[in-house]
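The values are calculated or read from the model by the stated rules, or taken from the named source; none is laboratory data. Predicted model only: the values in this text are computed from it and were never measured. Using ideal geometry, Cβ is built from the backbone for each residue, glycine included, and neighbour counts are taken over all protein chains shown.
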Amino acid sequence: MNFDAIMAPVGHALSAHIDLVKAAVLGIVEGFTEFLPVSSTGHLLLMEHILGWGDDSFGKSFAILIQLGAILALLTIYFGRLWALAMQMFTRWAAARFVIGVLLAFLPAAVIGALAYHVIKSTLFDVRVVCISLIVGGFILLGVDRLNLKPRFHESTEFPLWMYFGIGLFQCVSMIPGVSRAGATIVGAMLFGADRRAAAEFSFWLAMPTMVGAFAYEAYKSKAVLMHGDLTAIAVGFVFSFIFGWIVVKTFLRFVQRHSFSVFAWWRILVGSAGIYALYFW
């Protein structure tokens, strides 16, 4: 009797279950971190490195593909406001102006992301880049949070058009893994005069076209990888990303009304420093 032949199916089944557990963990990380100024992509790359699940093309694409769960969580919560905006954008200038503002903010990242896609994926998706970006971004967030800023804008729907475009330029920096899309847009909005809540809320609005665009572009570019990848793992990551993304979106704005961003800044510094230590000294 061939013992290896008997145990091989057991080994394959166990491996498949372990992969689903990893997908669930990564989905939780994605959902928790996507809308916070801590860099979901950076945390996912670090977790993939720890779990040994990010060295192939599928692993590198997984982090972006499971964002769909967090996107749908955000769209579900904002559905009523999105529907009202769609109904009013052709009859009310305020609604049309805000839609134009979101598109202006989305434009820089869309152009640069499409032009620099291969450079970003091949060069910047590196755990060392992530760790350094987390630490530097943490100190920047601390510094901005402690500035004596005088907020002039308290509603994310009423920023000047130039301000929307300026925030979009800040968002481009977040193409470096570890910087954080939410963090870059929040810092940009606050430096331009938004209060913490308005800055955080606009990061939600800007996330909608940005994340949908990034997901669609990644799915198109990775269609060959997806055909041979583990779609069940993506589905598991998607479900957990949706659940925990929904929780964060429902609670984040209430949190920033009462607290500063310092807890997120120190978290970034702690995680980045731990990553550097593990890479070079462990």
Inset, instruction - Could you list, in sequence order, all residues of segment 165-204 that are outside any helix (DSSP H, G or I), of a type in the set (A, V, I, L, M, F, W, C) and more than 21 Å from residue 131 (Cβ to Cβ)? - result: 192, 194
Legend entry - Residue, nearest to residue 131 (Cα to Cα), within segment 267-282, restricted to residues that are part of a helix (DSSP H, G or I) and among the aromatic types (Phe, Trp, Tyr): 277
Inset, instruction - Those residues that are crowded, with 24+ Cβ neighbours inside 10 Å and under 17 Å from residue 249 (Cβ atoms), I need them from segment 186-197; list them, please. - result: 186
Inset, instruction - Say whether the condition of being hydrophobic (A, V, I, L, M, F, W, C), within 14 Å of the chain's Cα centre (by Cα) and closer than 22 Å to residue 136 by Cβ is met by at least one residue in segment 260-274. - result: no
Inset, instruction - Within segment 107-138, count every residue that is over 20 Å from residue 168 (Cβ atoms), modelled with pLDDT of 90 or more and either surrounded by 15 or more Cβ atoms within 10 Å (Cβ to Cβ) or in contact with a His (Cβ under 6 Å, 6 or more places away or on another chain) (or both). - result: 8
Legend entry - Every residue from segment 139-169 that is touching a Ser or Thr at 6+ places or on another chain (Cβ under 6 Å) and at pLDDT 95 or above: 167
Inset, instruction - Kindly list the number of the only condition in (1) over 25 Å from residue 270 (Cα atoms); (2) under 23 Å from the mean Cα position of the chain (by Cα) that fails for residue 143. - result: (1)
Legend entry - Single residue of segment 166-185 satisfying the filter (among the polar types (S, T, N, Q) and within 24 Å of residue 48 (Cβ to Cβ)) that is surrounded by the most Cβ atoms within 10 Å (Cβ to Cβ): 180
Legend entry - Residue that is in contact with a Gly (Cβ under 8 Å, 6 or more places away or on another chain), on the phi < 0 side of the Ramachandran plot and not basic (Lys, Arg), where the choices are 176, 132: 132
Inset, instruction - Tell me, please, whether a residue that is touching a Phe, Trp or Tyr at 6+ places or on another chain (Cβ under 8 Å), surrounded by fewer than 19 Cβ atoms within 10 Å (Cβ to Cβ) and in a helix (DSSP H, G or I) can be found in segment 210-220. - result: yes
